[in-house]
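To start, the structure itself, in structure tokens.
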Amino acid sequence: MSENSSRRSSIARLRDRAMRILAMRDHSEQEFRRKLTAPVMSKNGPETLDTTPEEVDQIVEWCLEHHFLDDMRFVRQFIASRARKGYGPARIRQELNQKGIARQVSENAMYECDIDWVASAREQALRKYGEPLPTEFVAKVKVQRFLLYRGFLQEDIQEIWRNFAD
């Protein structure tokens with residue numbers, strides 16, 4: 001009986017931890033599993049959790065059933081958030097891949113989002129380099145390199161000068 005009650009309290013503690021993690025922001029399932037099983041910091045340093053993989057699976061299933069965990073919702077919010085911070089589609093796709101999101105899921109979400117990547121790239125370039133954007137080769141290459149680093153696609157970057165020529 002005591003083993004059963006300790007198991008139940010282990011599940012309860014794991015569920016509480018899951019709610020604390022998900023209360024902060026949405027997570028991908030892979031990211032959530034990693035955080036859920038990560039060692040807990042205490043006064044004596046990191047302490048591993050006394051949980052089994054089955055318990056973790058049970059908590060993840062519970063979160064999925066109650067819609068606390070939803071990869072599509074996470075992807076949509078992540079794309080919007082990163083786009084607002086000035087990152088382009090290539091960088092966002094890479095970050096989603098690192099968070100364990102399937103390529104097809106991220107591609108579908110990128111296709112569905114209504115973000116004007118050319119306007120976003122232009123806004124980032126203007127914020128960094130000011131108006132008007134440089135037209136001489138060396139300075140233009142510097143702007144392009146900056147935008148590529150931010151994750152914008154080459155055709156979107158070239159479109160800035162095509163559409164907004166002085």
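The values are calculated or read from the model by the stated rules, or taken from the named source; none is laboratory data. Fair warning: this is a prediction, and the values are worked out from it, not measured in the lab. Note: ideal-geometry Cβ built from the backbone for every residue, glycine included; neighbour counts use all protein chains shown. Accessible surface areas use protein heavy atoms only, side chains included; no ligands, DNA or RNA. Shrake-Rupley method; radii C 1.70, N 1.55, O 1.52, S 1.80 Å.
Quick notes on this one:
- Options Gln158, Gln94, Gln154, Gln58: the member that is of a type outside the set (A, V, I, L, M, F, W, C) and within 15 Å of the chain's Cα centre (by Cα): Gln94
- Meets criteria (under 28 Å from His27 (Cβ atoms), of a type outside the set (Lys, Arg) and over 17 Å from the mean Cα position of the chain (by Cα)) for Asp114: yes
- Screening Gly86 against (1) modelled with pLDDT of 90 or more; (2) part of a loop (DSSP other than H, G, I, E, B); (3) over 21 Å from Phe152 (Cα atoms) leaves a single unmet condition, (3).
- Hits in the range 112-156 (condition: small (Gly, Ala, Ser) and either more than 14 Å from Ile92 (Cα to Cα) or not in a helix (DSSP H, G or I) (or both)): Ala119, Ala125, Gly130, Ala139, Gly151
- Of all residues making up the range 14-50, the number that are in a helix (DSSP H, G or I) and open to solvent by less than 60 Å² (accessible area, probe 1.4 Å): 9
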